[in-house]
Amino acid sequence: MNKGFSVVGKSVIREDGIDKVTGKAKFADDYKFDGMLHAVMLRINEAHARINSVDFLEIENNRNVFSIISSADIPGAKKVGMIKNDQPIFCDEKVVTPGDVIAMLVGESEDGLRPLLSKIKIDYSPLPVLNDPKKSLDKDAVLIHPEAGSNLIIHHPLRKGDIQKGFDESDEILEQTYTTQLIEHAYIEPEAVIAIPQGISQGVKIIGSIQNPFSCRRIVAAVLNLPLAKVRVQQAHLGGSFGGKDDTMAILAARAAVAALKTGRPVKIRYSREESILESYKRHPYILDYKAGYMKNGKIKAIKIELLADGGAYTSMSPFVTWRSVVQATGPYEIENVHTDVRAVYTNNPYTGAMRGFGSPQPIFAQESLMDEIALRLGMTPDEIRRINGYKVGSVTATGQTLKDHDVNLITVLSTACENTDFAKKWKNNLKKKSVALELSKDSPILKDDQFIRPDDNIKKGIGLALSFRGCSLGAEGMDASAAYISIQNDGSVYLDCGLAENGQGLRTTYTIIASEVLGVSPDKIIYLELDTGITPDSGPTVASRGTIMGGGAVKNAAETVRDKLTALVKEEFKLPADDIISFTDNHVHSESEGTLASFQDVCKIASSQGMNLSAIGWYKGPNVHWDEETGQGDAYFTYVYGCQVAEVSVNISTGEVYIDKITAVHDPGTVINRLGAEGQVFGGVTQGAGYGIFEEVTTDKGFIRELNFDTYTIPTSKDISEIIPIFVEGKESYGPWGAKSLGEPTLELTAAAISNAVCNALGKRLFNLPLNLEEVLLNIKLRPADTKRGSLV
Amino acid sequence: MEVRFKLNGKEVATATASNIRLIDLLRDKFNLTGTKEGCGIGECGACTILMDGRAVNSCLVLAAQANGKEIITIEGIADGDILHPLQRRFLSNGAIQCGYCTPGMVLSASALLSQNPDPSEEDIKEAIAGNLCRCTGYKQIIDAVKETAKELQLKQ
């Protein structure tokens, strides 16, 4: 029912916008407390070393040092993790990557503490450094975590059909290897957290730039050996996260909390950009081997996929990130025979974890490149090959799941994208254009006028597309449920809260719109409360593009619970027939038989005078999914979204520069709730995806990161992207609020692949390694400095 | 040492050390925390303020350099409770997500509009090219600046 909404799908001003645009919104580092101490981290310049001893003697009595915090001060878990407890809060035995922290100095000022770090004597023995994920599983490889017995973090196999038979029956076989790079979230706000001791009976309070307050609480409580209820985590306004302020923040919060309880004073940790990039986790680089067997008519018969993800020094989210990869690695194509192995391994590189896209941008780059290459070999256009193989209603995925019960809009988004860009015609025209070849006259070395290469001749146009399906929410990763709290005051104003977090994406606005729609009150009557684990029920993490579908479902449930009570009250109070239809709009309550009955405010007043409870906890639980770990078969997610992006680029064949002229992004997120927010997700996601596609890369030298600030780690600026056109195809869906699903991650995952296909269309040569920076486009090679300094070497 | 300057319309005087950055003075002494630090090396623009009408990175300016200058931060750009037209347009265009870059973005845009009341799209992109935003992809920000320019032109 997309008709008749009063607020849903409209442009509504952000609930927190006024505070943010006036500078009043408080981010973590804006909080100050009386007696607050600061902390600085002790590290060594090694990627892999055994720590023999740490001698603080020279600084112990320094007046700037209030306390020294190390592993010995931890009352509970010394190692933590989102999935596996392999990451020490303080690395007192061994460092396994340069970001590792050995201990922490606490005092009145950071400036007073920093010079003291070099006076601490650390005796350590360097260990062999493992940087190449391909060597991680070698028999003689050094073990990063010897207690794990191997460097294998996780292996997800998937077996469907008979792969050998599939290849045998295929007309042609194509094998390719692709690589994707390590990248940084680059949230503009670096990490900051404050732990405030609350007295013996209350434990500790944490305020910070935290993406997932409940995950953070779990880890802090384990480290402090306190019950969950004694750790209260409040989210400050969050200056961007994109998956990045999870593990790192939980560990920083735990360090601050240990120090706060030891010193009895509030302790703040805030990172510079350099420390942020050094220690925080990043996006997994992948090595992707694809082998496809296909028929001359374009039908893919069999696909064998081997993916290797560099998990870096810790497990973090690798098992879940790579699980999404195994589910989606074939792309949105129905293939009879599939044989996939996805592995994540330990190295001494910076560790990798959750980042917007979460294991999908890497296989999408490979699979969409492969589809285009097959199309070229068969003389088809990129959209033709995808129409032949793409999912339709009733298609069976690689995991054996039948797609049904929702609009399987894959072909619709593809067609919409192609029609809006005149795709096939442009694609063919670009292919026809030959490269400029200089033919010198034998008689005279002097060029004639028409032989000069005009600047425009250096620019080649290309168009390319990428297509994807994406499982919504957590899927078989874990329990999937969310809660919302609503409380209506007797003047009709409303408090609203949800256990999912505002990370900048506009979730609070989306929830305000949902409550506004259900109760018929204008959005400005709804006051959104801060997320505080002491108030709101645990709703799981704000990840996997689950905010709207899960939290939105909970908000709708909460608002409907109260509305139903008011409906019953109104019927009784106004003596209306039982089958009368009551509606809530325009801050008033109406009945079908009597018209407008009263203002919402007056109805709330009556309810309050009768002692009615006008508050509710709403709940939304996703349907069960199942998964067989041995075969990689099962209903992985309860529903899916579909997207297609078309990139139009100009490539300078002299410099290798790729300029993005236009990205048309067609997405089916189900019903759009928050129009401005949805468009913002597309603009932002596409821009991040473009950065991933053409220039972003964190490079390392023996585990040490070269790009520690924005002077060398470049992200897209206002001048780097031209037009982005968002188009929504709002498919029907039974889950989520009015069938609203997911959008945040789909917007990012497709862009790099679409750009790469466009560059190939422009140049007539395929590129296999992200990012498509100048040297990749021009030389098919990545130039690297010899060490961590600037300057290039092959 | 003592520095005196005009801060958001009011004359102020305060003692500071020679190695203190203007961003620290604003945030720590005057509690104007709307000025954000993102990189500390003048690359991200989150700490942008107006110094005598020009947009500058306050992480690259020493507090002492503010002496005798007129400084405007995000807290001083509205007219009391009445938002600056740029602030209103940022809201109505959805030009804000996490909001961390917003203060700097608004101030860079306001410096542009005071110097060039009729900017082209390229002028706008150039003016905010030193302000990194990881959330919005800039589109709605550029639209907000464009609309504000039109609004201000109509008023004149």
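No value in this document is a laboratory result; all are computed from the given coordinates. These numbers were taken from a predicted model, which means no experiment stands behind them. So basically every Cβ, Gly included, is an ideal-geometry build from the backbone, and we count neighbours across all protein chains shown.
Size of region A:1-99 along its principal axes in angstrom, Cα-based, largest extent first?
70, 37, 28
Send over the Kirkwood Rh of the protein assembly as shown, from the inverse of the averaged 1/r over different Cα pairs, rounded to one decimal Å.
Working: mean 1/r = 0.0341 Å⁻¹.
Result for the protein assembly as shown, one decimal place: 29.3 Å.
Order of A:Ile725, B:Ile74 from fewest to most other C-beta atoms within 10 Å? Working shown, then result.
Numbers: A:Ile725 18, B:Ile74 29.
Lowest count first: A:Ile725, B:Ile74.
Would you tell me the mean number of C-beta atoms belonging to other protein chains that fall within 10 Å of each C-beta in A:21-34, as a whole number? It would help to have the intermediate numbers written out before the result.
Values: counts 20, 12, 17, 4, 8, 2, 6, 0, 4, 5, 1, 4, 0, 0.
Whole-number average of other-chain Cβ neighbours for A:21-34 is 6.
Sorting check: for A:478-489, A:204-215, which peptide has the highest mean count of neighbouring beta carbons within 10 Å, and how do the rest follow?
Values: A:478-489: 21.2, A:204-215: 26.8.
So the peptides A:478-489, A:204-215, ranked by packing, come out A:204-215, A:478-489.
Could you list A:Ser734, A:Ser150 in order of exposure, starting from the residue whose Cβ has the fewest other Cβ atoms within 10 Å? Walk me through the numbers on the way to the answer.
Numbers: A:Ser734 11, A:Ser150 14.
The most exposed by this proxy come first: A:Ser734, A:Ser150.
Region B:5-156: percent of C-alpha pairs farther apart than 22 Å? Provide the component values of the computation, followed by the final result.
Details: 4149 of 11476 pairs.
For region B:5-156, the fraction of Cα-Cα distances above 22 Å is 36 percent.
Report, as an integer, the average count of C-beta atoms from other chains found within 10 Å of each Cβ along B:25-38. Mind showing how you got there, number by number?
On the way: counts 0, 0, 3, 1, 0, 0, 2, 1, 9, 10, 1, 8, 8, 11.
Mean partner shielding for this stretch: 4.
Kirkwood Rh, region A:23-166, all Cα pairs: how many Å? Let's see the in-between values first.
Details: mean 1/r = 0.0541 Å⁻¹.
Value: 18.5 Å, from the Cα pair sum.
Using amide H atoms built 1.01 Å from N in the peptide plane, name the residues 5+ places from B:Arg21, or on other chains, whose amide H lies under 5 Å from its own.
B:Ala63
Kindly provide the pair-distance distribution of region A:213-330 built from C-alpha pairs, with 10 Å bins from 0 and whole-percent values in order of increasing distance.
11, 31, 26, 15, 10, 5, 2, 0
If you stretched the chain out fully between A:Leu137 and A:Lys448, how much longer would it get, using 0.36 nm times the residue separation minus the C-alpha to C-alpha distance? Numbers along the way, then the final one.
Working: separation 311, 0.36 × 311 = 111.96 nm, distance 6.07 nm.
This chain segment gains 105.9 nm when fully extended.
Over region B:2-76, how many percent of alpha carbon pairs lie in each 10 Å bin up to the one with the longest distance?
Result returned by the calculation: 22, 62, 16.
Give, in whole angstrom and from largest to smallest, the semi-axes √(5λ) of the equivalent ellipsoid of region A:303-451, with λ running over the eigenvalues of the Cα gyration tensor. Intermediate values should be presented prior to the final figure.
Details: eigenvalues 306, 131, 36 Å².
Working from the Cα gyration tensor, I get semi-axes of 39, 26, 13 Å.
For chain A, what is the charge dipole size about the Cα centre, in debye to the nearest 20, if Lys and Arg each add +1 at the Cβ and Asp and Glu each add -1 at the Cβ?
Values: 85 positive and 101 negative charges, 101 e Å.
So the magnitude is around 480 debye.
For region A:63-69, just list the computed ³J(HN,Hα) in residue order, Karplus coefficients 6.51, -1.76 and 1.60, θ = phi - 60°, integers in Hz, with x standing in for Gly and Pro.
Those phi angles translate into 5, 7, 9, 8, 7, 10, 10 Hz.
How do A:Arg43, A:Arg454, A:Arg343 line up, fewest other C-beta atoms within 10 Å first? Intermediate results must be reported in sequence, preceding the final value.
Numbers: A:Arg43 18, A:Arg454 9, A:Arg343 23.
Ascending number of Cβ neighbours within 10 Å: A:Arg454, A:Arg43, A:Arg343.
Measure out, as a whole number of angstrom, how far apart the alpha-carbon centroids of region A:704-751 and region A:340-419 sit.
17
Say R0 is 22 Å: what FRET efficiency, to the nearest 0.05, do A:Asp602 and A:Lys10 get from their beta-carbon distance? Mind dumping the intermediate values first?
Details: r = 26 Å, r/R0 = 1.18.
That gives a FRET efficiency of 0.25.
Mind ordering A:700-707, A:311-318 by average Cβ neighbours within 10 Å, highest first?
Numbers: A:700-707: 19.6, A:311-318: 29.1.
Descending mean neighbour count gives A:311-318, A:700-707.
Can you give the calculated 222 nm mean residue ellipticity of chain A, where each DSSP H run of n ≥ 4 adds -39,500 (n - 2.57) and the sum is split over every residue, rounded to the nearest 500 deg cm²/dmol? Write down the numbers at each step before the final one.
Values: 19 runs with 203 residues, N = 794.
About -7500 deg cm²/dmol.
Counting DSSP beta bridges in the protein assembly as shown, what percent are antiparallel, to the nearest 5? The partial results should precede the final answer.
Details: 119 of 151 bridges.
That works out to approximately 80 percent antiparallel.
Starting from 0.36 nm per residue, how many nanometres of slack lie between A:Ser615 and A:Lys719 once their C-alpha separation is accounted for?
Details: separation 104, 0.36 × 104 = 37.44 nm, distance 4.84 nm.
So the chain would gain 32.6 nm between A:Ser615 and A:Lys719.
Computed FRET efficiency, Cβ-Cβ of A:Lys404 and B:Glu2, R0 56 Å: what is it to the nearest 0.05?
Numbers: r = 74 Å, r/R0 = 1.33.
My answer for the efficiency is 0.15.
With an 8 Å cut-off on Cα pairs and a minimum separation of 6 or more residues, tell me the relative contact order of region A:505-655 in percent. Don't jump to the answer; show the numbers that get you there.
Details: 140 pairs, mean separation 33.3, N = 151.
About 22 percent, as a whole number.
Expressed in nm to one decimal, what extension gain is obtained for the pair A:Asp55 and A:Ala424 from 0.36 nm per residue of sequence separation less their Cα-Cα distance?
On the way: separation 369, 0.36 × 369 = 132.84 nm, distance 6.82 nm.
Value of the extension gain: 126.0 nm.
How big is the gap, in Å, between the Cα center of region A:176-213 and the Cα center of region B:88-156?
One Cα centre to the other: 29 Å.
Quick check on region B:2-76: of the DSSP beta bridges with both residues there, what percent are antiparallel, nearest 5%? Let's see the in-between values first.
Values: 13 of 15 bridges.
So the antiparallel bridges in region B:2-76 amount to around 85 percent.
Take peptide A:698-710, look around each residue's Cβ out to 10 angstrom, count Cβ atoms belonging to other protein chains, and average those counts. Walk me through the numbers on the way to the answer.
Numbers: counts 0, 0, 0, 0, 0, 0, 0, 0, 0, 0, 0, 6, 9.
Mean shielding count: 1.
Roughly how many whole Å is it from the C-alpha centroid of region A:127-147 to that of region A:515-593?
54
When Lys and Arg each count +1 and Asp and Glu each count -1, what net charge do the other residues less than 14 Å away from A:Gln181, Cβ to Cβ, add up to?
-2
Could you order the peptides A:296-305, A:121-130, A:671-680, A:392-401 from most to least packed, using the average number of other C-beta atoms within 10 Å per residue? Mind showing how you got there, number by number?
Working: A:296-305: 20.0, A:121-130: 15.0, A:671-680: 24.1, A:392-401: 18.5.
Ranking, from highest mean packing down: A:671-680, A:296-305, A:392-401, A:121-130.
Return, for the Cα atoms of region B:85-155, the radius of gyration and Dmax in Å, separated by a comma.
10.8, 33
Charges only on Cβ, +1 for Lys and Arg, -1 for Asp and Glu: so what's the dipole of region B:85-155 about the Cα centre, in debye to the nearest 20? If you can, show how the numbers build up before the last one.
Numbers: 8 positive and 8 negative charges, 55 e Å.
Its charge dipole is roughly 260 debye.
Mind pulling up the Rg/Rh value for region A:165-248? Radius of gyration and Kirkwood radius, both on Cα. Don't skip to the answer; put the middle values down first.
Values: Rg = 22.0 Å, Rh = 16.0 Å.
Rounded to two decimals, Rg/Rh equals 1.38.
Karplus couplings for region A:337-352 from phi (6.51 cos²θ - 1.76 cosθ + 1.60, θ = phi - 60°), rounded to Hz, Gly and Pro as x?
10, 10, 9, 10, 10, 10, 10, 10, 10, 7, 9, 8, 6, x, 6, 10
For A:Thr699 and A:Leu152, what does the FRET efficiency come to when R0 = 22 Å and r is the distance between their Cβ atoms, rounded to the nearest 0.05? Write down the numbers at each step before the final one.
Details: r = 25 Å, r/R0 = 1.13.
E between A:Thr699 and A:Leu152, to the nearest 0.05, is 0.30.
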